[in-house]
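S.K.: Below is the structure I would like to discuss, written out as structure tokens.
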Amino acid sequence: MRAAAGSVLASGLTAGTLSCGAQNGQTASDGLKAADDVRKIPTQCQGCGANRCGIYVYVKDGRVWKVEGNPKTYNNAGTVCPRGHAYIKELYNPDRIKQPLKRTAEGKYEPVSWEQAFSEISAKLNLIIMDNGPQPVFWLQYPMANMPLAFRFMHALGSPNTVTHGSTCFTARNAAFNATCGGLPDNDLKNSRYIILVGRNPAGGVKLQQIRDIADAKRQGARLVVLDPRHSETAAIADDWIAVKPATDLAFLLAMLNVIIEEGLYDHQFVGEHTVGFDSLRDSIVTYPPEWAEKICDIPKETIYRIAREFASRKPRALIHRGYHGGYGSGYYNSFQTARAVAILNAVIGNYEQVGGLFLPLKPTLGELEKGGHPAPPIPDIEKADGSGVPGRYPAGSYSDGISHAIPELALTGKLKAGFVCHTNPVRTNPNPSRVIAGYKKLELLVTIDCVMSETAALSHYVLPESFFLERDDHIDTVHSGPVGQLTMVQQVVKPMYDTKPLLDIITGLSKGLGIGKYFNFTMDELNTLRLKPFGVTLDELKKEGVIEVGPRWSEGLLKHFKTPSGKIELYSSQLQAWGLDPLPLWQAPLVSPAPSDKNSFRLIHGKQAVHTHAMTANNPDLMQLSSRYDMIRLWINRQRAEAIGIEDGDTVVVSSDIGKGSVRVRLTDGLHPSAVWMPSGYGIFSKYLKTAYGKGINYNDFLNTYFDPAVGHAMCNEIIVRVEKA
Ligand SMILES: Nc1nc2c(c(=O)[nH]1)N[C@H]1C(S)=C(S)[C@@H](COP(=O)(O)OP(=O)(O)OC[C@H]3O[C@@H](n4cnc5c(=O)[nH]c(N)nc54)[C@H](O)[C@@H]3O)O[C@H]1N2
Ligand SMILES: Nc1nc2c(c(=O)[nH]1)N[C@H]1C(S)=C(S)[C@@H](COP(=O)(O)OP(=O)(O)OC[C@H]3O[C@@H](n4cnc5c(=O)[nH]c(N)nc54)[C@H](O)[C@@H]3O)O[C@H]1N2
Ligand SMILES: [Mo]
């Protein structure tokens, strides 16, 4: 199935400039008058958690005016995506929280002083800990640069329950790479000559550097192959768009392995020297020839043979991208196995630590607070309440990420009683909202730290407003990915507009009444100065430059020892075997499938649009205006399937699953596998405090049951069957 380009929207690299000045009738192209007071301050964009781009923010006559990319940052190299341009304007969004809030008995919110909020929260938490110990306390946070502050706070209280959003995003992928090569590799896209993306769409799930690298590689003659049931923005520039049936990539990949091994196309020397378990893999893979796979993944066997041979013939400068969310981050029952197959395919062609292949990035190690006389609290030696990384529960799950969508379940059973939610919005971004709401409501104490009244904030006992990123300094960040070790930081650009505080001040304020004040007796400048010590860089220098490269820089062949039990890449994993999991990648059918006899039955899949971040930018007036102007809030449906049930382009349909129902307009397209409907993931805000976003569109989580993958604990967020009917 090959179709006309299905993308309606600009990809990340083609956004125009939206400036805050435009609100005042100015535009970015207006010339500067000599009398204007203009300052240009480097900081790090917070418009998403994925890129952390280095930016310059311009302040004109005291008002934030516009943003530019910092050319020195690896992740964006001088560019800014549409969200980055618009996000600075959130500073002036009238929906921001302007002072700490406390929920009243009637469910309304009244302003309270910081002192009152701190003393009431710590008094309540002290009682909960006195009765139950610290185990039922959790902290959930999108792991931005400030995450170490949360770890310190929770460890000081004695709780191991620090959790990230990972189980709804990437934990299946991470677990598989950890088991295979002992870490999460990066992709040397730029130097690759054959790039396969499996459910990865860097032009929609934006990574600016990756799009640039793919474009560079293509200019050098690389072939780009995109496996995606949908004609994504990246499929639009691919040499091959493989419209795989969703949830069945594993069959395609196993068959590729079969061809490469059976035909002897693998890198014999690399496999012999750097991997374990090849013989077992060869014995088991014989059951998965392309003739077997084509019936499952809906791609002709000839295509599978061709892609396998082309991929192997370009070795070692060929790669399957490590992936992110859409393909196998947390989507399916077989995501862990799918990610294992990806990791192993890269290994058999010997591309690890090779130019044009995968490499384990070298992150700079920041200096320690302890060295400055601030001892760390002991790390509690207790299992996590959610069972992540615990044998017999979710053995391959990540102990450091935890399982975010288990929190409401643990609250319902009383295992968690109190918690902090910071910079994340589980009530909108976790599966099964009514269950999530029930769980969070059951907590004896819920404190949300956000800049706006998210759905989660709107359920909390206390809402503590963090200063917007342009109003604060954060913990220094190491560059998120890539071959270079860089430091960047969120730096204050303007003074706080309201009675808000940066996270360190919030935690310090809470710590006093909790008897753990001794762990928070430093300022952010003192902390950041200590963090910089090993590099011979001063805080002033970093603040002036915005980004500084401190090494180490990855180069080919650096790594000789993988952090696995054998020290090699584990094609067969004895660790997985010991945990009672499949030690080799084996076919696993998806958990649910559309009803074959029901013409209205589809799998619901979803994805990012370049102009929105998760559920957090729908309330941005500029970005929401783009959604309206380009009519982006629509459910994609395959044209023939739609016509067979009397649905026309632009019709409103009712979408229903066993747990949810909603209506939305459709977009008919040839660019989607017939078994699926595809929903943009950035809409469906139901916090009535977010006036721009409220009530626009629907969200996949409304239709998704609460699932925990048995190996990793991830959410399996594409295991959804819906009925779609004309409204
Ligand atoms: N604009 C924007 N950019 C972002 C973000 C954002 O919110 N907005 N968030 C960042 C974050 S946290 C993440 S995790 C990444 C996500 O980055 P990606 O994982 O690349 O993005 P998604 O849109 O989630 O999914 C990519 C594609 O997976 C496809 N897909 C779904 N099911 C299957 C399947 O079974 N097989 C295959 N082969 N493909 C499938 C979807 O159709 C979609 O086109 O983006 C990052 N960048
Ligand atoms: N509905 C929906 N659900 C999803 C996804 C989706 O696209 N849509 N994607 C999935 C994926 S890939 C991921 S990574 C997760 C992400 O899910 P979340 O971690 O929940 O991410 P966001 O939706 O971006 O929510 C971020 C929250 O942080 C707040 N915030 C923004 N800036 C600041 C700040 O500076 N300080 C503080 N304290 N708060 C701030 C925002 O107002 C928002 O409430 O969701 C998963 N689930
Ligand atoms: Mo994500």
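The values are calculated or read from the model by the stated rules, or taken from the named source; none is laboratory data. Model, not experiment: these values are computed from the prediction. Ideal geometry is used to build each Cβ from the backbone, glycine not excepted, and the neighbour counts take in all protein chains shown.
S.K.: Mind checking which pairs have a first residue in the range 457-473 that is touching a residue at least 60 places away in the same chain (Cβ under 8 Å) and a second that is within 16 Å of ligand 3 (Cβ to nearest atom), Cβ under 7 Å, 6 or more apart or different chains?
M.R.: Phe469/Gln46
S.K.: Going by what's in this entry, would Val271 be described as away from ligand 1 (no atom under 16 Å from the Cβ), hydrophobic (A, V, I, L, M, F, W, C) and in contact with a Pro (Cβ under 7 Å, 6 or more places away or on another chain)?
M.R.: Taking the combined requirement at face value, the residue does not satisfy it.
S.K.: Same structure again: Given the residues Tyr266, Tyr328, which is the only one that is within 22 Å of Gln354 (Cβ to Cβ) and modelled with pLDDT of 95 or more?
M.R.: Numbers: Tyr328 fails: within 22 Å of Gln354 (Cβ to Cβ).
Just one listed residue meets the conditions, Tyr266.
S.K.: Please go through the range 510-531 and give me each residue that is surrounded by fewer than 20 Cβ atoms within 10 Å (Cβ to Cβ) and either touching an Asp or Glu at 6+ places or on another chain (Cβ under 8 Å) or polar (S, T, N, Q) (or both), ordered by number.
M.R.: Across the range 510-531, the qualifying residues are Asn521, Thr523, Asp525, Thr529.
S.K.: List every residue pair whose Cβ atoms sit under 6 Å apart, with the two residues 6 or more apart in sequence or on different chains, where the first one lies in the range 696-715 and is farther than 21 Å from Met632 by Cβ and the second, anywhere, is surrounded by fewer than 24 Cβ atoms within 10 Å (Cβ to Cβ) and basic (Lys, Arg).
M.R.: Thr706/Arg435
S.K.: May I ask you to list the residues in the range 654-681 that are within 16 Å of ligand 3 (Cβ to nearest atom) and out of contact with any helix residue (DSSP H, G or I) (no Cβ under 8 Å at 6 or more places or on another chain)?
M.R.: Result: Pro680, single match.
S.K.: Next question. Cβ-Cβ under 6 Å, sequence separation 6+ or interchain: first residue in the range 353-375 and without any contact (Cβ under 8 Å) to a residue 24 or more places away in the chain, partner part of a loop (DSSP other than H, G, I, E, B). Which pairs?
M.R.: Listed pairs, sorted by first residue: Glu370/Ala376.
S.K.: Here's something else I'd like to know. Here are the criteria: (1) free of Cβ contacts under 8 Å to residues at least 24 places away in the same chain; (2) crowded, with 16+ Cβ neighbours inside 10 Å. Tell me which single one Gln116 does not satisfy.
M.R.: Going through (1) free of Cβ contacts under 8 Å to residues at least 24 places away in the same chain; (2) crowded, with 16+ Cβ neighbours inside 10 Å one by one, Gln116 breaks only (2).
S.K.: How about the range 613-669: which of its residues are within 29 Å of His423 (Cα to Cα) and β-branched (Val, Ile, Thr)?
M.R.: Across the range 613-669, the qualifying residues are Thr613, Thr617, Ile633, Ile659, Val664.
S.K.: If you don't mind, another one. Considering only the range 692-699, I want to know if a residue exists there that is touching a helix residue (DSSP H, G or I) at 6+ places or on another chain (Cβ under 6 Å), modelled with pLDDT of 95 or more, of a type in the set (D, E, K, R) and more than 21 Å from Pro596 (Cα to Cα).
M.R.: Restricting attention to the range 692-699, the residues satisfying the condition of being touching a helix residue (DSSP H, G or I) at 6+ places or on another chain (Cβ under 6 Å) are 692.
Within this subset, residues satisfying the condition of being modelled with pLDDT of 95 or more are 692.
If we keep only those that are of a type in the set (D, E, K, R) as well, we get none.
No - not one qualifying residue is present in the range 692-699.
S.K.: Is it true that Ala339 is among the small types (Gly, Ala, Ser), more than 14 Å from ligand 1 (Cβ to nearest atom) and either over 25 Å from Pro590 (Cα atoms) or buried (at least 24 other Cβ atoms within 10 Å of the Cβ) (or both)?
M.R.: It is false that Ala339 is among the small types (Gly, Ala, Ser), more than 14 Å from ligand 1 (Cβ to nearest atom) and either over 25 Å from Pro590 (Cα atoms) or buried (at least 24 other Cβ atoms within 10 Å of the Cβ) (or both).
S.K.: Another question about this same structure. For Ser681, all conditions in the list (1) crowded, with 17+ Cβ neighbours inside 10 Å; (2) farther than 30 Å from Ala50 by Cα hold save one; what is the number of the exception?
M.R.: Of everything listed in (1) crowded, with 17+ Cβ neighbours inside 10 Å; (2) farther than 30 Å from Ala50 by Cα, Ser681 misses just condition (2).
S.K.: Same structure again: Of all residues being among the aliphatic types (A, V, I, L, M) and under 21 Å from Asn174 (Cα atoms) in the range 703-727, which is surrounded by the fewest Cβ atoms within 10 Å (Cβ to Cβ)? Just the residue, please.
M.R.: Ala711
S.K.: Identify the residue in the range 175-184 that is surrounded by fewer than 24 Cβ atoms within 10 Å (Cβ to Cβ) and within 16 Å of ligand 1 (Cβ to nearest atom) and, among all such residues, is nearest to Gln141 (Cα to Cα).
M.R.: It comes out as Leu184.
S.K.: Follow-up. Being on the phi < 0 side of the Ramachandran plot, part of a loop (DSSP other than H, G, I, E, B) and of a type in the set (A, V, I, L, M, F, W, C), is that true of even one residue in the range 671-682?
M.R.: Looking for residues that are on the phi < 0 side of the Ramachandran plot, part of a loop (DSSP other than H, G, I, E, B) and of a type in the set (A, V, I, L, M, F, W, C), one finds none in the range 671-682, hence no.
S.K.: Would you confirm whether any residue within the range 387-398 is within 16 Å of ligand 3 (Cβ to nearest atom), under 29 Å from the mean Cα position of the chain (by Cα), under 30 Å from Ala145 (Cβ atoms) and not assigned by TED's automatic domain parsing to the domain that holds Gly199?
M.R.: yes
S.K.: So which strands (runs of 3 or more DSSP E) stay within the range 62-171 end to end and still have 3 or more residues that are of a type outside the set (Phe, Trp, Tyr)?
M.R.: Details: elements: 63-69, 101-103, 109-111, 137-141.
Hits in the range 62-171: 63-69, 101-103, 137-141.
S.K.: Would you confirm whether or not the range 606-613 contains a residue that is away from ligand 2 (no atom under 16 Å from the Cβ) and surrounded by 17 or more Cβ atoms within 10 Å (Cβ to Cβ)?
M.R.: No, there is no match, as no residue in the range 606-613 is away from ligand 2 (no atom under 16 Å from the Cβ) and surrounded by 17 or more Cβ atoms within 10 Å (Cβ to Cβ).
S.K.: Quick one: Tyr630 ticks every box in (1) within 16 Å of ligand 3 (Cβ to nearest atom); (2) surrounded by fewer than 20 Cβ atoms within 10 Å (Cβ to Cβ) bar one, so which box is it?
M.R.: Tyr630 satisfies all of (1) within 16 Å of ligand 3 (Cβ to nearest atom); (2) surrounded by fewer than 20 Cβ atoms within 10 Å (Cβ to Cβ) except (1).
S.K.: Same structure again: Return a yes/no flag: does the range 302-317 have any residue that is under 22 Å from Arg230 (Cβ atoms), at pLDDT 95 or above and touching a helix residue (DSSP H, G or I) at 6+ places or on another chain (Cβ under 6 Å).
M.R.: So far as the range 302-317 goes, yes, one or more of its residues are under 22 Å from Arg230 (Cβ atoms), at pLDDT 95 or above and touching a helix residue (DSSP H, G or I) at 6+ places or on another chain (Cβ under 6 Å).
S.K.: Report yes if Val611 is under 23 Å from the mean Cα position of the chain (by Cα), more than 22 Å from Gly47 (Cα to Cα), more than 16 Å from ligand 3 (Cβ to nearest atom) and at pLDDT 95 or above, otherwise no. Explain how you work it out, then say what you get.
M.R.: Working: under 23 Å from the mean Cα position of the chain (by Cα): yes; more than 22 Å from Gly47 (Cα to Cα): no; more than 16 Å from ligand 3 (Cβ to nearest atom): yes; at pLDDT 95 or above: yes.
Here the answer is no, as Val611 does not meet what is asked.
S.K.: Under 7 Å by Cβ, and 6 or more places apart or on different chains, what pairs join a residue from the range 416-428 that is touching a residue at least 60 places away in the same chain (Cβ under 8 Å) with one that is part of a loop (DSSP other than H, G, I, E, B) and within 14 Å of ligand 3 (Cβ to nearest atom)?
M.R.: His423/Tyr142; His423/Met144; Thr424/Tyr142; Thr424/His165; Asn425/Ala615; Asn425/Met616; Arg428/Ala615
S.K.: Would you be able to say whether some residue in the range 644-660 is in a loop (DSSP other than H, G, I, E, B), among the polar types (S, T, N, Q), in the same structural domain as Met616 (by TED's automatic domain parsing) and within 30 Å of Arg435 (Cα to Cα)? Spell out the reasoning first.
M.R.: As a first pass, look at the range 644-660 and keep what is in a loop (DSSP other than H, G, I, E, B): 645-651, 657-660.
Within this subset, residues satisfying the condition of being among the polar types (S, T, N, Q) are 657.
Still in the running and in the same structural domain as Met616 (by TED's automatic domain parsing): 657.
Filter once more, so that each one left must be within 30 Å of Arg435 (Cα to Cα): 657.
Within the range 644-660, one or more residues are in a loop (DSSP other than H, G, I, E, B), among the polar types (S, T, N, Q), in the same structural domain as Met616 (by TED's automatic domain parsing) and within 30 Å of Arg435 (Cα to Cα).
S.K.: Another one. What's the total number of residues in the range 556-577 that are touching a residue at least 24 places away in the same chain (Cβ under 8 Å) and either loosely packed, with under 13 Cβ neighbours inside 10 Å or not hydroxyl-bearing (Ser, Thr, Tyr) (or both)?
M.R.: Selection size over the range 556-577: 12.
S.K.: Okay, moving on. Note down all Cβ pairs under 6 Å where the first residue falls in the range 318-333 and is on the phi > 0 side of the Ramachandran plot, the second is near ligand 3 (Cβ under 9 Å from one of its atoms), and they're at least six residues apart or on different chains.
M.R.: none
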